[in-house]
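None of the figures in this text is laboratory data; all of them are computed from the coordinates on show. This structure is a prediction, so every number in the text was calculated from the model and none was measured. Reconstructed Cβ throughout: ideal geometry from the backbone, glycine too, with neighbour counts over all protein chains shown.
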Amino acid sequence: MLNAYDAAKAGLLLPAEQQMIARRQRLLGPAYRLFYERPLHFVRGEGVHLYDEQGREYLDVYNNVASVGHCHPRVVEAIARQASTLNTHTRYLHDGVLEYAERLLATFPASLSQAMFTCTGSEANDLAVRIARAHTGGSGVIVTQLAYHGVTAAVAELSPSLGKFVPRSAAVRTVPAPDLYRAAPGTDIAAGFAHAVQAAIDDMQRHGIQPAALLVDTVFSSDGVYTDPPGFLMPAVDAIHAAGGIFIADEVQAGFGRTGSRMWGFQRHGVLPDIVTMGKPMGNGHPVAGIAARPEVLKTFGQQSRYFNTFGGNPVSCAAALAVLDVIRDEALQENAAVVGAYLRQGLQALATRHALIGDVRGVGFFIGVELVKDRDSKTPATEETGRLVNGLREKRILISATGPSGNVLKMRPQLPFSCADADLLLSSLDDVIARL
Ligand code: PMP
């Protein structure tokens, strides 16, 4: 499958695109990537749509960060108002961070009663791991085999999806993601996942490593989107607790109402995290993120370290984040994710009755995975077809992406105001593109 850089090298793109890609490579170096064979150049966003430089509208079923809709006017207005009043750090008293902490913490179970703020999800996970290590005295961290938890050196080594060149310390263990689709019929997913976590704990202990934390994305997004059966995390969380470690729920993807029936992904599993980490949907894309934690867990870290993240939780960030919570409530977006998410999954299941390529439709609310297979018995990943399908939808001005170990799981996570009419457009376009593959 070509990517945009290959296409540019082969001279297949428009002159303006070729020039812009060459400029990117010259200025940004070799580590960046672009989506699609034919790259997209957006200049504007509104609601669930992005607009390219020609003014063409694209339906966005990919960008979860602008969670309440691109350029939501209430969030934009809150940012502009606060930016024109005051922006400084958390070493001065300010109401904004307190009001936001109160509002945010009210969305969690009572035990998660303290919040700390960062600028990115990576920093939130990095901080959570430091806290876990201070609290437990251990160093070992367990993550899933294709997890993604961020970009700092500490969390990149907890992100095997970044590839084999990222060095991993002796304290990290990986476990297979809880894959219901590929498990043998009748497999107890909860017991299997807990068994893998226990084996990782045992292996750490054999090597003289004390477990500090189990860290999982509660929708297992980069592993391939695994959300069922509800409750499957419970015995694994018990296992890490029994070993003296803590449970960190990474809600960067799942949080802020995306899973529909609940505000937070972990709630679907009936577990209580010791720390929850959150990412940029908190500010609808404005760089604000953070953690919610049990106060007992923060104690040792607070005694040993001071915490100051210069612009984490600044007044502008908190104004944006507060507006996001207001919009989720006032526009009933969590309910919308539940209702329209179920409608979209139903539509995808109906497509699966007509297209054998669709092996599995899974997910919850507005976090949906569609696994494509060459045949349903062998479940051989249809990786190449998935790439063509993502590019085919792009030509129909619909944005989705693919995930999973073989890159054959379509990942759909629209902005929360996505409507049934938007879902219909996605479904009919998908039907069309699959029929022509
Ligand atoms: N955890 C998960 C599950 C993520 O998907 C991401 C990024 N999308 C991060 C952490 C890191 O967040 P950020 O890019 O804000 O650092």
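Under a Cβ-Cβ cut-off of 13 Å, what is the net charge of the residues other than Thr218 that fall near it, where Lys and Arg count +1 and Asp and Glu count -1?
Details: positive: Arg258, Arg262, Arg268; negative: Asp217, Asp223, Asp228, Asp250, Glu251.
Neighbour charge sum, excluding Thr218 itself: -2.
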Problem - Paramagnetic reach from Ala199 (point 7 Å along Cα→Cβ, amide N under 17 Å) across the stretch 154-178 - result: 172-178
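Relative contact order, percent, of the chain when contacts are C-alpha pairs under 8 Å separated by at least 6 residues? List each step's numbers first, then the result.
Working: 893 pairs, mean separation 89.9, N = 437.
Rounded, it is 21 percent for the chain.
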Exercise for the section: Give the calculated FRET efficiency between Asp424 and Gln18 to the nearest 0.05, with a Förster radius of 51 Å applied to their Cβ-Cβ distance. Expected result: 0.90
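Which value, in Å to one decimal place, does the Kirkwood hydrodynamic radius take for the stretch 147-195 when every pair of different Cα atoms is included?
12.5
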Handout entry: Phi to ³J(HN,Hα) by Karplus 6.51 cos²θ - 1.76 cosθ + 1.60 over the stretch 378-393, Hz, x for Gly, Pro
Key = 7, 6, 4, x, 8, 5, 5, 4, 4, x, 5, 5, 4, 5, x, 5
Exercise for the section: With the convex hull built on the Cα atoms of the chain, state its orientation-averaged projected area in nm². Expected result: 21.4
Problem - Point-charge dipole on Cβ atoms (K/R +1, D/E -1) for the stretch 78-192, about Cα centre, debye to 20 - result: 280
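Among DSSP bridges having both ends in the stretch 73-330, what percentage is antiparallel? Round to the nearest 5.
Working: 9 of 25 bridges.
Close to 35 percent.
Under 13 Å from the Cβ of Gly341, count the other residues' Cβ atoms, weight Lys and Arg +1, Asp and Glu -1, and hand me the total. Write out the running numbers ahead of the final one.
Values: positive: Arg258, Arg262, Arg268, Arg345, Arg362, Arg413; negative: Glu335, Asp422.
Here the count lands on +4.
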Fill in the blank from the handout: Fewest to most Cβ atoms within 10 Å: Val297, Val216 sort as Val297, Val216
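As an exercise, use a Förster radius of 35 Å and the Cβ-Cβ distance of Met234 and Leu93 to find the FRET efficiency, rounded to the nearest 0.05.
After rounding, the FRET efficiency stands at 0.30.
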Handout entry: the chain: calculated mean residue ellipticity at 222 nm from DSSP helix runs of at least 4, using -39500 (n - 2.57)
Key = -12000 deg cm²/dmol
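How do 29-42, 157-170 rank on mean C-beta neighbours within 10 Å, highest first?
Details: 29-42: 13.1, 157-170: 14.8.
Ranked from most to least packed, the peptides come out as 157-170, 29-42.
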Fill in the blank from the handout: Counting only residues 5 or more apart in sequence or on a different chain, those whose built amide H sits under 5 Å from that of Val216 are Ile248, Asp250
Practice task
Please report, to one decimal in angstroms, the Kirkwood hydrodynamic radius of the stretch 1-105 built from all distinct Cα-Cα pairs.
Solution key: 17.3
Handout entry: Gaussian network model of the chain, springs between alpha carbon atoms under 10 Å - residue of Asp238, Asp188, Asp330 with greatest fluctuation
Key = Asp330
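For the stretch 91-205, compute Rg over Rh where Rg is the Cα radius of gyration and Rh is the Kirkwood radius from the inverse mean 1/r over Cα pairs. The partial results should precede the final answer.
Details: Rg = 17.5 Å, Rh = 16.7 Å.
That ratio equals 1.05.
Could you rank the peptides 283-296, 85-98, 104-117, 221-234 by their average count of other C-beta atoms within 10 Å per residue, with the highest value first?
283-296, 221-234, 104-117, 85-98
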Exercise for the section: Place a label point 7 angstrom from the Cα of Thr300 along the Cα-to-Cβ direction, then list the residues of the stretch 250-289 whose backbone nitrogen is under 20 Å away. Expected result: 273-277
Practice task
Would you calculate the separation in nanometres between label points at Arg56 and Ala10, each defined as 7 Å from the Cα along the Cα-to-beta-carbon direction?
Solution key: 1.9
Completion exercise
Output ordering of 374-386, 133-145, 54-66 (per-residue mean of other Cβ within 10 Å, highest first) is 133-145, 54-66, 374-386
Handout entry: R0 of 35 Å, Cβ-Cβ distance Val339-Val166: FRET efficiency to nearest 0.05
Key = 0.30
Fill in the blank from the handout: Between the modelled labels at Ala191 and His241 (7 Å from Cα along Cα→Cβ) the distance in nm is 2.1
Problem - Residue list for the stretch 177-206, given a label point 7 angstrom along the Cα-to-Cβ vector of Ser406 and an amide N cut-off under 17 Å - result: 177-185
Exercise for the section: With label points built 7 Å along Cα→Cβ from the Cα atoms of Ser378 and Ala183, find their separation and express it in nm. Expected result: 2.6
